[in-house]
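These notes are about the structure you will find just below.
The values are calculated or read from the model by the stated rules, or taken from the named source; none is laboratory data. These numbers were taken from a predicted model, which means no experiment stands behind them. Here Cβ is always computed from backbone atoms with ideal geometry, including for glycine, and neighbour counts include all displayed protein chains.
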Amino acid sequence: MSCSIEIVAERLEAHYGTPRWRRHAPPLDELVMTILSQHTSDGNTAAAFASLRRRFPTWEQVRRAASSDVVAAIRGGGLGNRKGPRIQAVLDAIWHDRGRLDLDDYVDLPQSEVRTRLLALSGVGPKTAACVQLFSLGQPALPVDTHVHRVSRRVGLVPPATSAQAAQPILERLLGADRDRVYAFHLNVIAHGRSICRARSPACGRCPLNDCCDAYLATLQTPPAGEDPHSSRPSDGR
Ligand code: SF4
């Protein structure tokens with residue numbers, strides 16, 4: 001018995017609340033911020049972004065800057081040597097394609113068209129594209145980060161071996177076209193993955209999904225000999 005997406009969404013909203021959609025940043029800002037957020041904390045991302053904007057007030061200045069200066073400006077966010085050139089390459093590609101550095105008109109394009117255009121940028125994958133679409137453009141796209149991926153597999157929304165990339169269209173189909181629903185689901189699943197359904201030692205005993213979670217129910221059906229089944233922990237690498 002798997003949890004349906006309706007049950008997951010309802011119970012997580014009862015537990016964590018219902019986050020209301022708000023526009024986080026203009027699309028190009030969101031794109032750069034998402035690149036900066038890779039493999040680092042929200043705090044480091046915000047600090048690196050603020051430092052970049054202080055050093056270079058316009059995206060054109062970032063695009064034309066010496067690579068070493070961009071790397072120095074974002075160093076606090078980690079992996080600056082990788083992220084700096086990636087940001088400049090994205091800005092270059094947008095400038096050469098559009099003759100300007102903004103993506104504001106993407107709000108008027110269909111979701112599939114926006115995704116195609118964003119994925120065409122070197123270094124932009126499905127998760128980054130979905131962040132821009134959901135947080136900035138208000139499109140019902142679902143970024144599948146490590147928490148969304150782990151929780152979705154454990155509760156049975158997607159098969160256990162599904163990759164994050166393959167999980168995205170499955171979950172988007174299940175969630176439908178309601179931006180507010182997708183937004184609340186995304187933030188609540190992340191909250192759940194951070195606080196209860198952690199990668200190691202998930203707190204299944206106090207989880208609001210434990211009566212329908214595939215991973216937890218499997219541990220109850222096949223307890224290791226001599227062990228209390230309620231102490232069993234589903235592993236992340238099933
Ligand atoms: Fe995660 Fe355990 Fe809850 Fe399942 S029951 S969603 S494995 S915390």
Scan of region 104-123 for residues that are over 16 Å from ILE94 (Cβ atoms) and surrounded by 15 or more Cβ atoms within 10 Å (Cβ to Cβ), ordered by number: GLN111
Would you kindly identify the helices (runs of 4 or more DSSP H) lying entirely within region 5-78 that contain at least 3 residues that are touching a Cys at 6+ places or on another chain (Cβ under 6 Å) and surrounded by 14 or more Cβ atoms within 10 Å (Cβ to Cβ)? none
Is at least one residue of region 124-141 over 15 Å from the mean Cα position of the chain (by Cα), of a type outside the set (Lys, Arg), surrounded by fewer than 21 Cβ atoms within 10 Å (Cβ to Cβ) and modelled with pLDDT of 95 or more? no
Among the residues of region 171-183, the number that are of a type outside the set (Lys, Arg) and crowded, with 17+ Cβ neighbours inside 10 Å is 6
Single residue of region 181-223 satisfying the filter (more than 20 Å from PRO160 (Cβ to Cβ) and among the hydroxyl-bearing types (Ser, Thr, Tyr)) that is farthest from the ligand (Cβ to nearest atom): TYR183
Just to be sure I understand the filter: pairs with C-beta atoms under 6 Å, separated by 6 or more residues or on different chains, first member in region 151-171 and at positive phi, second member within 10 Å of the ligand (Cβ to nearest atom) and acidic (Asp, Glu). Which pairs pass? GLY156/ASP214
Return the pair list, or none, for Cβ contacts closer than 8 Å from residues in region 75-97 that are modelled with pLDDT under 95 to residues that are basic (Lys, Arg), at least 6 apart or on different chains. GLY77/LYS83
Within the group ASP178, ASP145, which residue is farther than 18 Å from CYS3 by Cβ, within 16 Å of the ligand (Cβ to nearest atom) and out of contact with any Phe, Trp or Tyr (no Cβ under 9 Å at 6 or more places or on another chain)? ASP145
Those residues of region 149-195 which are within 17 Å of HIS15 (Cβ to Cβ) and among the hydroxyl-bearing types (Ser, Thr, Tyr), in sequence order: SER152, TYR183, SER195
What's the total number of residues in region 118-143 that are without any contact (Cβ under 8 Å) to a residue 40 or more places away in the chain and part of a helix (DSSP H, G or I)? 4
Going by the conditions given, is ARG153 in a helix (DSSP H, G or I), modelled with pLDDT of 95 or more and within 16 Å of the ligand (Cβ to nearest atom)? yes
